[in-house]
Amino acid sequence: MIGLASVLPEDPLRREVEAFAQEHALARRSRELDADPAFPWDEFRAMGRARLLGLTLPADRGGRGLPLRRAAVVLEELAFHAGTVFAKLALQPEFTSVLGERGGPDVRDRWFVPLLHGEALVSNQVTEPGAGSDLTGVTTRAVRSTTGRLLSGTKSQVAFAADASAGLVYGRDDGSDAGLTAWLVPQELPGVERRVVPDLGEHWMRRGTVTYRDVPLPDGARVGEPGRALDYLRKELTHERALLAAVYLGVARASWEETVAESARRVAFGRPISQHEAVAFPLVEDGTRLAAAWLYVEQTLISAEHGSASAGAAAMAKWLATEAALATIDHAVQFHGGRGYSRELPHEQRWRDVRSGSLAHGTDEVMHRVAARDLWPRPTG
Ligand SMILES: Cc1cc2nc3c(=O)[nH]c(=O)nc-3n(C[C@H](O)[C@H](O)[C@H](O)COP(=O)(O)OP(=O)(O)OC[C@H]3O[C@@H](n4cnc5c(N)ncnc54)[C@H](O)[C@@H]3O)c2cc1C
């Protein structure tokens, strides 16, 4: 058989996710959140109750403890039913797992444990107007004062800028340019300003800018050691990128299967359009590409589970899956004809949502740079 479904493993978790998606009408909610963006607290809490938050995190830290490969199956299935939104929300604890690993008791109990229950939301604040792919340009800084540390700077492109009640902010600790430090900063503190900047897709993220003007950092706000925050972030990113690849493939599987069915139904020039090679051949290629991408992603996750997946392999997993997914969804728009371009069908939203995969969590170009480092490591010494 051709297509992604033919290589997906049998796993009871797929049925569990399907039942959850149906019970909570996730496909419909995904369309509603595109038209009328807001943070989906009800569904997020339900995901917490269903143990869909913290899939890969160890059970002793409140997670579900799934192997990466099985977590990818869950994410692919969530994305198949309802696009990127709930699959990416499922990864939110992984995106801030440093809180559970390195945060003090206040941070863990007040923010990380509630996050696993879908009761709190913490944004990741790394990017700045002058620093994205290259974080050497980060200027956000905590400066010592008589009463403690005061945080100043601007973070941009932040997902959940409007809705997160705390931000994990990466900046420079007083007097140190050696490396970045992370602090957990409640967003209602005096001197914090938030502004949403509307996006092409994934409207539910309500991304935007967060500005800090001499914000007093609470005691215990620092997460991990001073100057070490990027080391923690890089460790997380390898797993995250390979898991995100599964999300994009799941979205594309939905569009591909719907297009295969539509091509058998829709008649033009006296026969179903599937009988025109110009329609059939790209769909055969897309099905093959999605299946091949899944096998690569799965293998990368299995290696990661055993500690042997390289950052480059994970980077290429995200790139490969995003490319395959975007091409597939673009064909879905095309072969549904003019309706494919309309909001009557889900393909245009899926394309806009998946388009972020070439940018978020590292751009395609940076993914190649990471992989090239595997091939040609930088000389040491
Ligand atoms: C949907 C979405 C969600 C996001 N969520 C968050 C978030 O929650 N928190 C957060 O902090 N950030 C977030 N980001 C920001 C994201 O991390 C940055 O957009 C990304 O790292 C790129 O940084 P930049 O936008 O500053 O682009 P730049 O780094 O300025 O890059 C501009 C262009 O130059 C290319 N380029 C840069 N360096 C090289 C190189 N060495 N070789 C070749 N090409 C290069 C890039 O690939 C890109 O095409 C999000 C982005 C998106 C799209």
Cα pair distances in the range 230-375, grouped into 10 Å bins until the bin that holds the longest one, percent each: 12, 38, 28, 15, 6, 1, 0
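Take every DSSP beta bridge with both residues inside the chain and express the antiparallel ones as a percent of the total, to the nearest 5.
Working: 27 of 33 bridges.
Taking every DSSP beta bridge within the chain, about 80 percent pair in antiparallel fashion.
Is the range 100-176 best put as rounded, prolate or oblate by its Cα gyration tensor, with a ≥ b ≥ c the root eigenvalues, rounded for a/c under 1.5, and otherwise prolate when a/b is larger than b/c, oblate when not?
Values: a/c = 2.16, a/b = 1.32, b/c = 1.64.
Verdict is oblate for the range 100-176.
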Positive-end residue, the chain charge dipole about Cα centroid, Cβ charges, pick of Gly148, Val73, Trp294: Gly148
Longest to shortest principal axis, alpha-carbon extents of the range 103-260, angstrom: 66, 32, 30
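Going by how many other Cβ atoms sit within 10 Å of their own, how do Val7, Val279, Val267, Val17 line up, fewest first? List each step's numbers first, then the result.
Values: Val7 14, Val279 19, Val267 10, Val17 28.
Ordered by Cβ neighbours within 10 Å, fewest first: Val267, Val7, Val279, Val17.
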Which of Gly103, Ala87, Leu320, positive extreme of dipole for the chain (C-beta unit charges): Gly103
Ranked list, fewest to most other Cβ atoms within 10 Å of each Cβ, for Ile273, Ile329, Ile2: Ile2, Ile273, Ile329
For the range 1-109: rounded, prolate or oblate by the Cα gyration tensor [a/c cutoff 1.5]: oblate
Cα-centre dipole for the range 123-225 with unit charges at Cβ (Lys and Arg positive, Asp and Glu negative), debye to 20: 180
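Once the convex hull of the C-alpha atoms of the chain is built, how many Å³ does it hold per residue, rounded to a whole number? Please list the in-between numbers first.
Details: hull volume 53.4 nm³, N = 381.
Dividing the Cα hull volume of the chain by its residues yields 140 Å³.
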Prolate/oblate/rounded call for the range 133-206, Cα gyration tensor, a/c under 1.5 rounded: oblate
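Since every read-out is calculated from the coordinates, none of them should be taken as a lab result. The shown structure was predicted, so the numbers you read here are calculated from the model rather than taken from an experiment. Virtual Cβ from ideal backbone geometry, glycine too; neighbours counted across all protein chains shown.
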